[in-house]
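Participant: Dumping the structure here so I can ask a few things about it.
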Ligand SMILES: NC(=O)C1=CN([C@@H]2O[C@H](COP(=O)(O)OP(=O)(O)OC[C@H]3O[C@@H](n4cnc5c(N)ncnc54)[C@H](OP(=O)(O)O)[C@@H]3O)[C@@H](O)[C@H]2O)C=CC1
Ligand SMILES: Nc1nc2c(ncn2[C@@H]2O[C@H](COP(=O)(O)O)[C@@H](O)[C@H]2O)c(=O)[nH]1
């Protein structure tokens, strides 16, 4: 690897605009057999997505991935989404019962359009076996496998049959993996993404560490096809979990999928909980993301997302966090 950097260390370099209005810029992305409004997916975490949000996103043309922390609800979730004419996108783990679940879906002829294998250390035989199992029983499903942080892992999971890989070990806002284990891509997630993307022959999802809308464009520049985001989607009116009032201010909980709160026990904890300021409605954030990304495309000198992939950049250490704030 030649140089290591993260989102805040990079500035993309503008090229001459070819549009008269940012509204001419197209943020849509093809992923699997479908095209989505944005190259963005809310994290498959219990404080970020639930059934209602999944329906809302699918109806409005956004990609979503349902979390795997209420396993008993998944079968009906798939039925419900597909009976509404919407796509089903679920997550699975790698424990023994998950193999049986995949077989059960095949027996009931229920094939989710997208299945994400969601574990902390995705470069493992357990994930390879699960990819092969899904491909055997549900060959029509688009399989996303993760999480990984090296080119070797991307190649191995692709070779096992994954249709996309998810990159990011420890850059998340509620992640403590780097502190507890000493491992991960936290602090150099963008460079890790570039490293992995060079090896990839299939789409990559950049997962974790997005702190501003500009980071979405940077992810696209460094090889992501889709960007998974937790903290920026936490705290909305629609977000799962109670609204909490503290000193006259409204907050919502955001906790890690490997936190004590998620697991119900203090074992192999690699996540924490935080309170996020209440942000209003989810659609407002999605619209703002779209507008900001349209603007990014115009700065890239194009009309489509692909223009961002070809811009130059500079590494300016901590260039945008020297006191800058969005509001
Ligand atoms: N993106 C990230 O940086 C991280 C994300 N997470 C999230 O937390 C959730 C829980 O993840 P996870 O603990 O993997 O899920 P599970 O608790 O379902 O564990 C999955 C399986 O993998 C095994 N396992 C877990 N970690 C490792 C490892 N480092 N090496 C070998 N085997 C391992 C577990 O066994 P055993 O428990 O006995 O070891 C278990 O059999 C997921 O949603 C995941 O995405 C968690 C940490 C980091
Ligand atoms: N190390 C951990 N990572 C976690 C945990 N729960 C979720 N995650 C990852 O974080 C991203 C979201 O990151 P954000 O910076 O956008 O908030 C999510 O998609 C997971 O990959 C956890 O408990 N530990």
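Participant: Are any residues in the stretch 39-52 over 19 Å from residue 120 (Cα atoms), surrounded by fewer than 22 Cβ atoms within 10 Å (Cβ to Cβ) and within 15 Å of ligand 2 (Cβ to nearest atom), and if so, which ones?
Facilitator: Answer for the stretch 39-52, where residues must be over 19 Å from residue 120 (Cα atoms), surrounded by fewer than 22 Cβ atoms within 10 Å (Cβ to Cβ) and within 15 Å of ligand 2 (Cβ to nearest atom): there is none.
Participant: Of all residues in the stretch 145-173, which are surrounded by fewer than 24 Cβ atoms within 10 Å (Cβ to Cβ), within 11 Å of residue 128 (Cα to Cα) and within 12 Å of ligand 1 (Cβ to nearest atom)?
Facilitator: Selection gives nothing.
Participant: Return the residue satisfying two criteria in turn: it lies in the stretch 100-119 and is closer than 25 Å to residue 148 by Cβ and in contact with a helix residue (DSSP H, G or I) (Cβ under 6 Å, 6 or more places away or on another chain), and of such residues it is surrounded by the fewest Cβ atoms within 10 Å (Cβ to Cβ).
Facilitator: Here the answer is 102.
Participant: Go through the stretch 271-290 residue by residue and tally those that are in contact (Cβ under 8 Å) with a residue 40 or more places away in the chain, more than 16 Å from ligand 1 (Cβ to nearest atom) and either in a helix (DSSP H, G or I) or surrounded by fewer than 20 Cβ atoms within 10 Å (Cβ to Cβ) (or both).
Facilitator: Selection size over the stretch 271-290: 12.
Participant: Taking the criterion of being within 16 Å of ligand 1 (Cβ to nearest atom), within 25 Å of residue 192 (Cα to Cα), out of contact with any strand residue (DSSP E or B) (no Cβ under 7 Å at 6 or more places or on another chain) and without any contact (Cβ under 8 Å) to a residue 12 or more places away in the chain, would at least one residue in the stretch 252-266 satisfy it?
Facilitator: No, there is no match, as no residue in the stretch 252-266 is within 16 Å of ligand 1 (Cβ to nearest atom), within 25 Å of residue 192 (Cα to Cα), out of contact with any strand residue (DSSP E or B) (no Cβ under 7 Å at 6 or more places or on another chain) and without any contact (Cβ under 8 Å) to a residue 12 or more places away in the chain.
Participant: Is there a residue being assigned to a loop (DSSP other than H, G, I, E, B), loosely packed, with under 15 Cβ neighbours inside 10 Å and touching a strand residue (DSSP E or B) at 6+ places or on another chain (Cβ under 8 Å) anywhere in the stretch 72-92?
Facilitator: Checking the stretch 72-92: not a single residue is assigned to a loop (DSSP other than H, G, I, E, B), loosely packed, with under 15 Cβ neighbours inside 10 Å and touching a strand residue (DSSP E or B) at 6+ places or on another chain (Cβ under 8 Å).
Participant: Keeping to the stretch 174-205, report how many residues are under 21 Å from residue 63 (Cα atoms), within 13 Å of ligand 1 (Cβ to nearest atom) and surrounded by fewer than 24 Cβ atoms within 10 Å (Cβ to Cβ).
Facilitator: Result for the stretch 174-205: 0.
Participant: If the Cβ limit is 9 Å and pairs must be 6+ apart or interchain, which residue in the stretch 174-187 that is farther than 21 Å from residue 44 by Cβ pairs with which residue that is outside any loop (DSSP other than H, G, I, E, B)?
Facilitator: Note: pairs meeting the criteria are 183/177; 187/178.
Participant: Within the stretch 216-231, restricting attention to residues that are within 16 Å of ligand 1 (Cβ to nearest atom) and either outside any loop (DSSP other than H, G, I, E, B) or more than 23 Å from residue 116 (Cβ to Cβ) (or both), which residue is nearest to the chain's Cα centre (by Cα)?
Facilitator: 228
Participant: For the stretch 119-144, give me each residue that is without any contact (Cβ under 8 Å) to a residue 12 or more places away in the chain and more than 14 Å from ligand 1 (Cβ to nearest atom).
Facilitator: 136, 139, listed by residue number.
Participant: I'd like to verify a number: residues in the stretch 291-308 that are surrounded by 15 or more Cβ atoms within 10 Å (Cβ to Cβ) and under 11 Å from residue 217 (Cα atoms), how many?
Facilitator: Counting residues in the stretch 291-308 that are surrounded by 15 or more Cβ atoms within 10 Å (Cβ to Cβ) and under 11 Å from residue 217 (Cα atoms) gives 11.
Participant: If I filter the stretch 232-252 for residues that are under 17 Å from the mean Cα position of the chain (by Cα), at pLDDT 95 or above, closer than 26 Å to residue 313 by Cα and part of a helix (DSSP H, G or I), do I get at least one hit?
Facilitator: yes
Participant: Continuing with this model, one more query. Return the total of residues in the stretch 1-34 being without any contact (Cβ under 8 Å) to a residue 60 or more places away in the chain and more than 25 Å from the chain's Cα centre (by Cα).
Facilitator: Number of matching residues: 3.
The values are calculated or read from the model by the stated rules, or taken from the named source; none is laboratory data. Please read all numbers here as calculations on a predicted model, not as lab measurements. Note that each Cβ is placed from the backbone with ideal geometry, even for glycine, and that neighbours are counted across all protein chains shown.
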